[in-house]
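The values are calculated or read from the model by the stated rules, or taken from the named source; none is laboratory data. Everything numeric here is computed off the predicted structure, so don't read it as measured data. Cβ: placed from backbone, ideal geometry, glycine included. Neighbour counts: every protein chain shown. Ligands, DNA and RNA are stripped out before the accessible areas are found, and what is left, the full protein with its side chains, is counted by its heavy atoms. Shrake-Rupley method; radii C 1.70, N 1.55, O 1.52, S 1.80 Å.
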Amino acid sequence: MGKILDGKAFADLRAEKLKEKVKNLKAQGVNPLFCVINIGDNKASKLYVRTKKRRAESVGIEQKIYQLPQDTKEEDVLDLIDELNQDPKVYGIMVQLPTPDQIDENKLLERIDPEKDVDALTPSNVGRLWQEDHFVEPATADGVMALLDYYHVDLVGKNVVIIGRSNIVGKPIAALMLEKNATVSILHLGTKDITEYTKDADIIVSAAGQANLVTADIVKDGVIIIDVGINHVNGHLVGDVDFENVLPKASMITPVPGGVGPLTVEFLMEQVIKLTRRANGIRG
Ligand code: NAD
């Protein structure tokens, strides 16, 4: 029977330490402020933004939300980003994705000052990640790596299979796993037969957004499963993994909910504090 990796408990533990860091910053006269730009009426985005704000407040970080109308012009968002880039009181900026069709999200990401890039999605920070010279990481990827480390999972030489190649989840996890000397395969919708890879995987990270994608018959005994997926099935929140049937085969597995989700929000706050400390010349 697999060990269930408790992402929620780990995130809460980290949050306690983060609160101390925030307190210390405030004692030095530094107020960590980060800004989230959300454009349009996407319900999920609005929910994510509110969840982040609650978490930010609970650790003492100030989060400002710029909620812009669905028909906002690209130029206006770029102007707002410029303004925030120049404001010395702002330490972190993120654009909630996706953006409406009239806006090229890459243009927005390119415009964010890399030193304030909470999501680590600006071209220079993506490059730094692959060059193993990063100072900020996408929160989900950072959270997954920290969770594996917390549970003493040694990645050296491990066959890691990542399902999903998005810029925000799959690719950065691959970069961080490579850095730890794992052998990484990235699967996606163009992969002919995912089973060919999953059946030999020591670790599977599923970030596809498809319920029941990872079933017991396509994984080997002792596999470690990190389920990043979030799917709504019959009013329930489930991951990509058939949890009940994979659990007996796995050596470790994250649940949904209570696995990677809480880590993403926690590690987003950790990026804000990293950037705030860095901007103020505080090391560590
Ligand atoms: P995305 O849609 O940008 O990317 C999905 C990727 O999965 C694509 O590369 C696609 O090719 C691949 N894919 C989809 N179905 C597949 C299949 N059947 N076989 C192989 N590959 C397949 O999504 P994303 O933003 O990376 O998010 C992925 C999932 O993770 C979603 O469910 C999302 O809600 C969830 N997510 C969770 C967290 C968290 O904190 N738990 C954070 C971010 C995203």
- Taking only the alpha-carbon atoms of the chain, the convex hull volume per residue, in cubic angstrom, is 129 Å³
- For Lys73, go through the aspartates and glutamates and keep the ones whose alpha-carbon is under 18 Å away, minus same-chain ones fewer than eight residues off. Asp41, Asp82, Glu83, Asp101, Asp104, Glu105, Glu110
- Task: Have a look at Val153, Val260, Val233 and tell me which one the Gaussian network model of the chain (Cα, springs below 10 Å) gives the largest fluctuation.
- Result: Val233
- Message: Under a crude label model (7 Å from the Cα following the beta-carbon direction), how far is Ala216 from Leu78 in nanometres?
- Response: 5.5 nm
- Item | Probe 1.4 Å, accessible area per residue of the stretch 23-106, Å² | 54 Å²
- Message: I want the local charge near Asp104. Using Cβ-Cβ distances under 14 Å, sum +1 for each Lys or Arg and -1 for each Asp or Glu among the other residues.
- Response: -3
- Which whole-number percent is the relative contact order of the chain (Cα, under 8 Å, 6+ apart)? 22 percent
- Item | Percent carbon-and-sulfur accessible area, the chain, ignoring ligands, DNA and RNA, probe 1.4 Å | 50 percent
- At a Förster distance of 51 Å, what's the computed FRET efficiency of Ile282 paired with Thr195, Cβ-Cβ distance as r, to 0.05? 0.60
- Message: Could you tell me which residue out of Leu129, Asn159, Ile93 lies farthest along the dipole of the stretch 81-190 toward its positive end? Charges go on the beta carbon: Lys and Arg +1, Asp and Glu -1, centred on the Cα centre.
- Response: Asn159
- Note on the structure: Residue separation between Glu20 and Lys43 times 0.36 nm, minus their alpha-carbon distance, gives in nm 5.0 nm
- Item | the chain - mean residue ellipticity at 222 nm from DSSP helices (-39,500 (n - 2.57) per run, n ≥ 4, rounded to 500) | -12500 deg cm²/dmol
- Among Leu121, Leu148, Leu237, the residue with the largest mean-square fluctuation in a Gaussian network model of the chain built from Cα contacts under 10 Å is Leu237
- One finds the C-alpha centres of the stretch 201-260 and the stretch 104-136 to be spaced, in Å, by 29 Å
- Efficiency of FRET from Cβ geometry, Gln131 and Asn106, R₀ 22 Å, rounded to 0.05: 0.65
- Task: Mind jotting down the distance between the C-alpha centroids of the stretch 76-99 and the stretch 162-178, whole Å?
- Result: 25 Å
